[in-house]
Amino acid sequence: MLIVLDLDGVLADFTGGACAVHGRPHYIVTTWDWYKDWGHSDRDFWHPIEKMGFAFYPVYVKPYPWLDELLTLVKQFDWVLATANPLHPDLAASKVEWINKYIGKDAPVMMGNHKELLAKEGRLLIDDSDVNTNAFRGRGGMAVTFPQPWNKAKDNLKDRVGHIKRALEYYDDLLKRNKSA
């Protein structure tokens, strides 16, 4: 099984960093387009983050406390980090620097905005976006939504890593049973 692992919202606290840049460091994010609650357009949201350039990820985006535990689970399988490619080149470089610091320079990384193109039998996406997990399944892959307040897995917030561990065990067992049948 190949694990396709999302970065922002799973390992990296992008929302916390973005809220801090917008002067709202204690804002609790509960919806996908949360910044629209502030009356911001997409452009209003991205402009100050893009102005931060290379500093955004290293300075503002913190690793979630479960990063090491989740990576330990995922690294029992073949895996690749699949993360959205920011439009601003300095943000892309900033994201790579963050990955090098917190995950490692040897981490397998794919940057792109269509994770579903990686979908096929035997591949499992772990992502905080319901849209991404649905699209991945729609292309023949398996997917589990990483619990966050803004998605359908929010009932598992108290045991995020346990939720993923159970999903990994389920899909690994399913693939082994299908292989032996």
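The values are calculated or read from the model by the stated rules, or taken from the named source; none is laboratory data. Just so it is clear, the model here is predicted, and its values are computed rather than measured. Note: ideal-geometry Cβ built from the backbone for every residue, glycine included; neighbour counts use all protein chains shown.
Return the residue satisfying two criteria in turn: it lies in segment 157-181 and is among the hydrophobic types (A, V, I, L, M, F, W, C) and assigned to a helix (DSSP H, G or I), and of such residues it is farthest from Ile3 (Cα to Cα).
Restricting attention to segment 157-181, the residues satisfying the condition of being among the hydrophobic types (A, V, I, L, M, F, W, C) are 157, 161, 164, 167-168, 174-175, 181.
Now narrow it down to the ones that are assigned to a helix (DSSP H, G or I): 157, 161, 164, 167-168, 174-175.
Numbers: Leu157: 21, Val161: 15, Ile164: 11, Ala167: 11, Leu168: 9, Leu174: 15, Leu175: 13 Å.
So, considering only residues that are among the hydrophobic types (A, V, I, L, M, F, W, C) and assigned to a helix (DSSP H, G or I), the one farthest from Ile3 (Cα to Cα) is Leu157.
Within the bounds of segment 156-165, is there any residue that is over 15 Å from the mean Cα position of the chain (by Cα), under 29 Å from Ile28 (Cα atoms) and in contact (Cβ under 8 Å) with a residue 60 or more places away in the chain?
Yes, because at least one residue in segment 156-165 is over 15 Å from the mean Cα position of the chain (by Cα), under 29 Å from Ile28 (Cα atoms) and in contact (Cβ under 8 Å) with a residue 60 or more places away in the chain.
Output the residue which, of all residues in segment 103-126 that are small (Gly, Ala, Ser) and either more than 14 Å from the chain's Cα centre (by Cα) or within 16 Å of Val144 (Cα to Cα) (or both), is surrounded by the most Cβ atoms within 10 Å (Cβ to Cβ).
At the first step, the residues of segment 103-126 found to be small (Gly, Ala, Ser) are 104, 107, 112, 119, 122.
Adding the requirement that they be either more than 14 Å from the chain's Cα centre (by Cα) or within 16 Å of Val144 (Cα to Cα) (or both) leaves 104, 107, 119, 122.
Numbers: Gly104: 10, Ala107: 17, Ala119: 20, Gly122: 14.
For segment 103-126, the residue satisfying everything is Ala119.
Applying the selection to segment 1-24, what residues are among the acidic types (Asp, Glu) and within 19 Å of Arg123 (Cα to Cα)?
Of segment 1-24, the ones among the acidic types (Asp, Glu) are 6, 8, 13.
Selection gives Asp6 alone.
Give the number of residues within segment 68-81 that are surrounded by fewer than 17 Cβ atoms within 10 Å (Cβ to Cβ) and either among the small types (Gly, Ala, Ser) or assigned to a helix (DSSP H, G or I) (or both).
Summing the residues that are surrounded by fewer than 17 Cβ atoms within 10 Å (Cβ to Cβ) and either among the small types (Gly, Ala, Ser) or assigned to a helix (DSSP H, G or I) (or both) in segment 68-81 gives 3.
How about segment 24-78: which of its residues are of a type in the set (Ser, Thr, Tyr), touching a residue at least 12 places away in the same chain (Cβ under 8 Å) and touching a helix residue (DSSP H, G or I) at 6+ places or on another chain (Cβ under 6 Å)? Spell out the reasoning first.
Residues of segment 24-78 that are of a type in the set (Ser, Thr, Tyr), as a first pass: 27, 30-31, 35, 41, 57, 60, 64, 72.
From the residues that got through so far, the ones that are touching a residue at least 12 places away in the same chain (Cβ under 8 Å) too are 30-31, 35, 57, 60, 64.
Passing the criteria: Tyr35, Tyr57, Tyr60.
What do you reckon, is Ala92 of a type in the set (A, V, I, L, M, F, W, C), in the same structural domain as Leu7 (by TED's automatic domain parsing), more than 15 Å from Phe14 (Cα to Cα) and without any contact (Cβ under 8 Å) to a residue 60 or more places away in the chain?
Details: of a type in the set (A, V, I, L, M, F, W, C): yes; in the same structural domain as Leu7 (by TED's automatic domain parsing): yes; more than 15 Å from Phe14 (Cα to Cα): no; without any contact (Cβ under 8 Å) to a residue 60 or more places away in the chain: yes.
Answer is no for this residue.
Suppose we keep only residues that are under 21 Å from Met111 (Cβ atoms) and assigned to a loop (DSSP other than H, G, I, E, B) within segment 1-44. Which one would you say is modelled with the lowest pLDDT?
Trp32
Please tell me if Thr72 is closer than 26 Å to Asp155 by Cβ and either touching a Pro at 6+ places or on another chain (Cβ under 6 Å) or at pLDDT 95 or above (or both). Quick ask: steps written out before the conclusion?
Working: closer than 26 Å to Asp155 by Cβ: yes; either touching a Pro at 6+ places or on another chain (Cβ under 6 Å) or at pLDDT 95 or above (or both): yes.
For Thr72, the condition - closer than 26 Å to Asp155 by Cβ and either touching a Pro at 6+ places or on another chain (Cβ under 6 Å) or at pLDDT 95 or above (or both) - is met.
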